[in-house]
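What follows is a single structure, written as C-alpha cells, with notes after it.
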There are 2 protein chains.
Amino acid sequence: MKNQQVIIYQIICLLLILSVTILLIRQQKQTVEQPMTTTSVKDAALSVIYNRKSVRNFIPNKPISKEDINTIIKAGMSAPSGKDTRPWEIIVIDDQEILQSLATKLPHAKMLAQSPLAMVVCGDTTKSSYWYVDCSAVTENILLAVEAMELGAVWTAAYPYQDRMDAVIQSVNLPENILPLCVIPMGYPKGEHQPKDKYDETKIHYNKW
Amino acid sequence: MKNQQVIIYQIICLLLILSVTILLIRQQKQTVEQPMTTTSVKDAALSVIYNRKSVRNFIPNKPISKEDINTIIKAGMSAPSGKDTRPWEIIVIDDQEILQSLATKLPHAKMLAQSPLAMVVCGDTTKSSYWYVDCSAVTENILLAVEAMELGAVWTAAYPYQDRMDAVIQSVNLPENILPLCVIPMGYPKGEHQPKDKYDETKIHYNKW
C-alpha cells in the first residue's frame with residue numbers, strides 16, 4: 001500500500017517536473033522571439049520620425065531589393081494630396097550610366113555616383129498647380145519608409161531650380177507636363193549617421209503670433 | 001521509513017505545483033503586457049504611413065494634452081529642410097473664438113468650428129524661398145505623428161491661395177515675413193475613418209519615362 005503511494009507520488013513528481021521544464025522552455029523561447037525592436041506602434045513610428053536623417057554614403061554594390069523598392073514607393077503614394085488629385089509620378093533609377101550622368105550635372109547630388117539607386121519624385125502639372133506641395137509629402141513618406149527599413153537616403157532638390165530640373169528632365173526623358181521635385185539617392189548606409197535635434201520652442205506660438 | 005518517503009514526495013509535489021503556478025501566472029502576465037500593438041519598428045512605422053487618413057470629425061470637448069501637442073510638434077520639426085534653414089513656425093490654436101472665425105473664413109475648413117485644436121504650419125520667407133516645400137514635409141510628419149497617437153487630423157490648404165492665406169494671417173496676426181502653408185484641425189476621431197489605397201503601379205517608371 002505504502003509502496004504504491006510512493007510510486008504514484010513519483011509519477012506525479014515526474015509529470016510536474018516535465019511541466020516546469022516545458023513552461024521554462026516556452027518562456028525562454030518567448031523572450032528570444034520578442035527582441036529589443038518590439039515596441040508600441042506609437043513609439044515605433046515616432047522614433048522613426050525623430051531618427052530620420054540625411055544619409056549620403058552608401059555601401060557600394062549592395063542593391064535595394066525590388067520588394068523593398070515597392071514598399072518604399074507604396075509609402076510615398078500613401079501621402080495626401082489637394083482634392084485627392086495624386087499628381088505624383090516616381091522614376092526609379094538603377095542604371096549606373098544615368099546615375100553617373102546626374103551626379104555630374106547636379107551640384108548637390110554628387111553622391112549619386114556612389115549610389116546603387118535613386119528615386120525621382122515628379123509631379124504632373126496638369127493635375128495640380130501645387131504638385132510640389134503634394135510631392136513634398138510623398139518625399140517625406142519615402143524618407144521615413146527608408147529610415148524604418150534601416151536604409152539611408154537624402155533629399156536633393158531639383159525644384160525650384162530651373163537648371164537642376166532641366167538636367168533631370170533630360171536624363172530621364174520626362175514629358176512636358178511632368179516636373180521633378182527632387183532626386184533621392186538611396187542605399188544601405190555606410191558609416192554612422194546621427195539625427196539632429198531640431199525641436200525649438202521659440203518657433204511655437206499659441207493662438208496669436 | 002516508507003511514511004517519511006511519502007511525506008518528502010508530498011513536499012516535493014507541493015513545491016513543484018507552486019513552481020508551475022508561478023510560471024503560469026508569469027506567462028499570463030507577459031501575454032497581457034505585450035498586447036496586439038507590439039510589432040517591429042519597421043512594420044509599425046510603415047503601418048502608420050499606410051493608415052494615415054484625413055479625419056474631419058472629432059469628439060467634441062475632448063482636448064489634446066499639452067504633452068501630446070509637444071510630441072506632435074517635435075515630429076513636425078524633425079523634417080528635413082533645404083540647406084538646413086528650418087524655415088518653419090507653428091501656431092497652435094485652441095482659442096474657440098479664433099477657430100470659429102477661421103471656420104467661417106476658410107471654405108474647406110468648416111470642421112474647425114467643431115475642432116478642439118488646430119495647428120497652422122507657417123514658413124519664414126526670409127529663411128527660404130521654397131519654405132512651402134520644407135513646410136510640406138513638416139506637415140506630413142505632423143499628420144503621421146497624429147495617426148501614430150490614434151488622434152485624427154486633416155491638411156487644409158492655405159498656400160498658394162491668397163485669400164485663404166490672408167484670412168489666416170489676419171486671424172493669428174502673422175508678421176509680414178511669415179506665410180501660412182496650411183491649417184490642420186485635429187482631435188480625437190469621431191466615427192470610422194478608412195485609409196485609401198493609392199498605390200498605382202502605372203506611376204512607377206524605371207530609368208526612363
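Considering only the other residues whose Cβ falls under 12 Å of the Cβ of A:Lys74, what net charge follows from Lys and Arg at +1 and Asp and Glu at -1?
-3
Please give the per residue volume of the convex hull enclosing the alpha carbon atoms of chain B, rounded to a whole number of Å³.
Details: hull volume 49.6 nm³, N = 209.
So the per-residue hull volume is 237 Å³.
What size of dipole, in debye to the nearest 20, comes out for segment A:63-209 about its Cα centre when the only charges are +1 on Lys and Arg C-beta atoms and -1 on Asp and Glu C-beta atoms?
Rounded to the nearest 20 debye, it is 320 debye.
Restricting to lysines 8 or more places apart or on different chains, can you count the pairs in segment B:56-209 with Cα atoms under 21 Å from each other?
Eligible lysine pairs with Cα atoms under 21 Å apart amount to 8.
For A:Ser65, A:Ser129, what ranking results if the residue with the fewest other Cβ atoms within 10 Å of its Cβ goes first?
Arranged by neighbour count, lowest to highest, A:Ser65, A:Ser129 become A:Ser65, A:Ser129.
Partner chain Cβ atoms within 10 Å, averaged over the residues of B:53-66 - can you pull that number for me?
Whole-number average of other-chain Cβ neighbours for B:53-66 is 0.
With only alpha-carbon atoms in the gyration tensor, what are the semi-axes of the equivalent ellipsoid for the protein assembly as shown, in Å, largest first?
Computed over the protein assembly as shown, the values are 52, 30, 17 Å.
Cα axis of helix B:2-33 to longest principal axis of chain B: angle in degrees, 0 to 90, nearest 10?
On a 0 to 90 degree scale, this one is about 10.
So how strong a dipole does segment A:1-144 carry about its Cα centre when Lys and Arg Cβ are +1 and Asp and Glu Cβ are -1, to the nearest 20 debye?
540
Suppose every K and R has +1 on its Cβ and every D and E has -1 on its Cβ; what is the size of the dipole of the protein assembly as shown about the Cα centre, in Debye to the nearest 20?
That gives the protein assembly as shown a dipole magnitude of about 1300 debye.
Once you list every other residue whose beta carbon is under 11 Å from the beta carbon of A:Pro107, what net charge do they have if Lys and Arg are +1 and Asp and Glu are -1?
Here the count lands on +2.
Suppose only helical runs count, i.e. DSSP H with n ≥ 4. What mean residue ellipticity at 222 nm does that imply for the protein assembly as shown under -39500 (n - 2.57) per run, divided by all residues and rounded to the nearest 500 deg cm²/dmol?
Numbers: 12 runs with 186 residues, N = 418.
Only helices count here, giving -14500 deg cm²/dmol.
Put +1 on the Cβ of each Lys and Arg and -1 on the Cβ of each Asp and Glu in the protein assembly as shown; which of A:Thr104, B:Ile7, A:Trp131 then has its Cα farthest toward the positive end of the dipole?
B:Ile7
Projected area of segment B:1-124, taken from the Cα convex hull and averaged over every viewing direction, in nm²?
Working: hull surface 59.2 nm².
Average projection, Cα convex hull of segment B:1-124: 14.8 nm².
Provide a whole-number value for the mean count of partner chain Cβ atoms within 10 Å of the Cβ atoms in peptide B:82-90.
The per-residue average across the peptide is 3.
Give me the angle, in degrees from 0 to 90, between the Cα long axis of helix B:66-76 and the longest principal axis of the Cα atoms of chain B, rounded to the nearest 10.
70
For B:140-152, what's the mean count of beta carbons from other chains sitting within 10 Å of each residue's beta carbon?
5
Every number in this text was worked out from the coordinates using simple rules, so none of it is lab data. All figures in this text were calculated on a predicted structure; none of them were measured in a lab. Because the Cβ atoms are built from the backbone with ideal geometry, glycine has one as well, and the counts that use them run over all protein chains shown.
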